[in-house]
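Okay, so here's the structure we're looking at.
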Amino acid sequence: MHILVVEDQKKVAEALQEGLTLAGFKVTVCSEGEEGFFTLSSQDIDLLILDLGLPKRDGIEILRAVRHKKIGVPIMILTARDSVEDRVLGLESGADDYLVKPFAFPELLARVQALLRRSQMRIDDVMKVGDLELDLRTRKASRSSQPLSLTVKELDILEYLLRYHESVVSREMLVRDLWHGAARATPIDNIIDVHIAHLRSKIDGPFPLKLLHTVRGVGFILSVKKP
């Protein structure tokens, strides 16, 4: 797998190149927007990690140009811009994921792996782990061909876990991406635990092979293998 990193901060670019290379990826680094766009257009790239504040050509401009040319490569924005408006602009401009600096490399790696799996596994918009399936078009889930009756929030959580399957999803990730960090009267960890418990009872309860696992002190993982 070939990852293109377009990042003008030398230390960040070097850390990404080292970490992703150790994880088994081929990595190309560009420090300018125009160079990055040319590299993406001229080479076989499987995933783009894109900073927004770039010299010569802004990241949003590159993002829009890539999508205008119908280049379907998964794109992760990696930036210090952390406002809701910036996130919305990036995602609406065609990004598949948005990660704010400073970041933890294990989370970035999990997101990279999830984006790559997502680009490979979405055949007819059906996501699968073992005999568990979620049809993204109809928003219907099943296991061993048996329909599962899930609430809207349970479907959201299941889709999120499927996107990161085989990787641990932390409570912080769920709060940020599904609850958007909203403050609530009831502690958010309690709310998450209740939803996870209901989801687990529906997708695992009647079946001998358990797919939804809790990693104590870390989060949750959807996997055919117990962590």
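The values are calculated or read from the model by the stated rules, or taken from the named source; none is laboratory data. Since this is a predicted model, take the numbers as computed values, not measurements. We place every Cβ from the backbone using ideal geometry, glycine too, and count neighbours over all the protein chains shown.
Among the residues of the stretch 11-25, just one is assigned to a loop (DSSP other than H, G, I, E, B), surrounded by 12 or more Cβ atoms within 10 Å (Cβ to Cβ) and either among the small types (Gly, Ala, Ser) or on the phi > 0 side of the Ramachandran plot (or both), namely 23. Is there a residue in the stretch 204-212 that is farther than 25 Å from residue 97 by Cα, of a type in the set (Phe, Trp, Tyr) and not assigned by TED's automatic domain parsing to the domain that holds residue 107? Checked the stretch 204-212: at least one residue is farther than 25 Å from residue 97 by Cα, of a type in the set (Phe, Trp, Tyr) and not assigned by TED's automatic domain parsing to the domain that holds residue 107. Just checking, does the stretch 133-146 include any residue being modelled with pLDDT under 90 and closer than 25 Å to residue 61 by Cα? Scanning the stretch 133-146, I find no residue that is modelled with pLDDT under 90 and closer than 25 Å to residue 61 by Cα, so the answer is no.
Scan the stretch 47-60 for residues that are of a type in the set (D, E, K, R) and modelled with pLDDT of 90 or more and the total you get is 1.
The one condition from (1) farther than 18 Å from residue 107 by Cα; (2) assigned to a helix (DSSP H, G or I); (3) not aromatic (Phe, Trp, Tyr) that residue 29 does not meet is (2).
Residues being assigned to a loop (DSSP other than H, G, I, E, B) and not aromatic (Phe, Trp, Tyr) are represented in the stretch 35-43 by at least one member.
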